[in-house]
Amino acid sequence: MSSSTDWPLWEVFVRSRRGLSHTHAGSLHAPDAEMALRNARDLYTRRSEGVSLWVVPSTEITASSPDEKDSFFEPAGDKPYRHPTFYEIPEGVKHL
Amino acid sequence: MAAVTADQTTQGTAGTAEEAEAAHLATFDAAVAADDRIEPRDWMPEAYRASLVRQMAQHAHSEIIGMQPEANWISRAPSLRRKAILMAKVQDEAGHGLYLYSAAETLGTSREELLDKLHAGRQRYSSIFNYPTLTWADVGAIGWLVDGAAITNQVPLCRCSYGPYARAMVRICKEESFHQRQGYELLLALSHGTPAQHEMAQDAVNRWWWPSLMMFGPPDDASAHSAQSMAWKIKRHSNDELRRRFVDICVPQAQVLGLSLPDPDIRWNEKLGQHDYGAIDWTEFQEVLKGNGPCNEQRLTQRRKAHEEGAWVRDAAAAYADKHSARPGTAGAAAQPVEATA
């Protein structure tokens, strides 16, 4: 039906209010960055969900592989001493 | 397309590939059993992928085709308030279609392929949109009944096993509740208006009630995909279960509206603690599905026309982007996120 191929895909990140970081909201197609921003505004902030937007070409994102998730994240698995709950403190000790 | 090639390459090496496949399947089954979510880059059975593409494509197409019956009334809305509401609602439907297309694309299907299949009649959209909107009251009946049925269907989809679909549904459900409420309010105004307005509201409810019940799909014993979809936790409740839930919700709402539902067999079943309702005319459903509904041809023709007439806009935007070489993947593409701060 259409002769041209799809416009590139962009990932959209929305900062819902000042003081919070941008969070991934979804993706969209657009021919360039400027149009991606405008489309993102219309698509992801129709109800004032954001005060700031990022759009990133999906091809520019490097992701870890789900197949190696065990070995990749394993080093943190056996280090419970990195959490404050690992330590036993006598009752009644304050501000610790 | 990409999924097909990937499937073919795994067939060549025997033994080890089969073992790997079994291990993958065990991981997948365990994740579904634990109510974990499946994400785009996870291994998944091809049939699961195909089933999701079918359902999500149909869902996305429904949102896009669903813009037509209501958009017919934008220019004839009775007040500026109603006009602004209706425009916002139709714009939401476009947005919902785009969320769902994006989610479907995470499964390796391109946007172009999805649209081509819709235009060629090879993927379906909900048969409810093949009915005409004859009066202004139809806008109210669609909001109350059609969006109400959609919400009943969609709320459990927020817990669907496929992550991107579930996340799209969370966003959609939040927005749908305004759709349903504006429809209910519209009908309430008509119902309490002049006798002619009341009659118009009743007529719209009479025409939309049965097609709305059909939106839940065929009865459980005749539903082709239900059992497998429930095993995969794509669906959480059966068609009949959701349909009955919808009837239970609508009966008291109709009373407040002062309108009746066109089914003399609706009555409270003390034993079941639910409403019984009359038999649905499934031949009508099958006929509309086959393309013989009142508006099937009109909806697809208009959709194709809109796509073709918009081609020059897409081409111009692409040509502009090429000229300024701002397209990703080409030299000079921005490596930094582009930020717009309000």
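B:L300 fails exactly one of the following numbered conditions: (1) away from every other protein chain (no Cβ under 14 Å); (2) in a helix (DSSP H, G or I). What is the number of that condition?
Single failed check for B:L300: (1).
Just give me the residues in segment A:14-49 being assigned to a strand (DSSP E or B), surrounded by 20 or more Cβ atoms within 10 Å (Cβ to Cβ) and either touching a Cys at 6+ places or on another chain (Cβ under 8 Å) or more than 7 Å from chain B (Cβ to nearest Cβ) (or both), in sequence order.
Listed by number, the residues that qualify are A:V14, A:A25.
Go through (1) modelled with pLDDT under 95; (2) surrounded by 18 or more Cβ atoms within 10 Å (Cβ to Cβ); (3) over 30 Å from B:R76 (Cβ atoms); (4) of a type in the set (S, T, N, Q) for B:N153 and report which single condition fails.
In the conditions (1) modelled with pLDDT under 95; (2) surrounded by 18 or more Cβ atoms within 10 Å (Cβ to Cβ); (3) over 30 Å from B:R76 (Cβ atoms); (4) of a type in the set (S, T, N, Q), B:N153 misses (3) alone.
Can B:Y101 be described as aromatic (F, W, Y), open to solvent by less than 40 Å² (accessible area, probe 1.4 Å) and without any contact (Cβ under 8 Å) to a residue 60 or more places away in the chain?
Details: aromatic (F, W, Y): yes; open to solvent by less than 40 Å² (accessible area, probe 1.4 Å): yes; without any contact (Cβ under 8 Å) to a residue 60 or more places away in the chain: yes.
Spelling it out, B:Y101 is indeed aromatic (F, W, Y), open to solvent by less than 40 Å² (accessible area, probe 1.4 Å) and without any contact (Cβ under 8 Å) to a residue 60 or more places away in the chain.
Out of A:W10, A:W54, report the one residue that is within 9 Å of chain B (Cβ to nearest Cβ), under 22 Å from B:A166 (Cα atoms), modelled with pLDDT of 90 or more and touching a strand residue (DSSP E or B) at 6+ places or on another chain (Cβ under 7 Å). Walk me through it before giving the result.
Numbers: A:W54 fails: under 22 Å from B:A166 (Cα atoms).
The match here is A:W10.
Does B:S226 satisfy being open to solvent by 20 Å² or more (accessible area, probe 1.4 Å) and polar (S, T, N, Q)? If you could, list the steps in order and put the result at the bottom.
Working: open to solvent by 20 Å² or more (accessible area, probe 1.4 Å): no; polar (S, T, N, Q): yes.
In short, no.
For segment B:119-143, which positions are closer than 28 Å to B:M230 by Cβ, assigned to a helix (DSSP H, G or I) and either open to solvent by 10 Å² or more (accessible area, probe 1.4 Å) or not β-branched (V, I, T) (or both)?
B:S127, B:F129, B:N130
Let me confirm something: among B:D263, B:D240, which residue is assigned to a loop (DSSP other than H, G, I, E, B), surrounded by 15 or more Cβ atoms within 10 Å (Cβ to Cβ) and charged (D, E, K, R)? Full working, then the answer.
On the way: B:D240 fails: assigned to a loop (DSSP other than H, G, I, E, B).
The conditions single out B:D263.
What number of residues within segment B:48-98 satisfy the criterion of being open to solvent by 10 Å² or more (accessible area, probe 1.4 Å) and outside any helix (DSSP H, G or I)?
5
When the residues of segment A:57-75 are narrowed to those that are polar (S, T, N, Q) and touching a residue at least 40 places away in the same chain (Cβ under 8 Å), which ends up farthest from the other protein chains (Cβ to nearest Cβ)? Break it down into steps so the answer makes sense when it comes.
Of the residues in segment A:57-75, the ones polar (S, T, N, Q) are A:58-59, A:62, A:64-65, A:71.
Within this subset, residues satisfying the condition of being touching a residue at least 40 places away in the same chain (Cβ under 8 Å) are A:58-59.
Numbers: A:S58: 8, A:T59: 5 Å.
My answer is A:S58.
Could you pull out the residue among B:R245, B:R207 that is charged (D, E, K, R) and farther than 25 Å from B:M56 by Cβ? Outline the logic, then answer.
Working: B:R245 fails: farther than 25 Å from B:M56 by Cβ.
One residue alone meets the criteria, B:R207.
Does segment B:205-225 contain at least one residue that is over 18 Å from B:L157 (Cα atoms), of a type in the set (G, A, S) and at pLDDT 95 or above?
yes
The values are calculated or read from the model by the stated rules, or taken from the named source; none is laboratory data. This is a predicted model, so every value here is computed, not measured. Every residue, glycine among them, receives a Cβ derived from its backbone with ideal geometry; neighbour counts consider all protein chains shown. The area values use the complete protein model at the heavy-atom level, side chains included, leaving out ligands, DNA and RNA. Shrake-Rupley method; radii C 1.70, N 1.55, O 1.52, S 1.80 Å.
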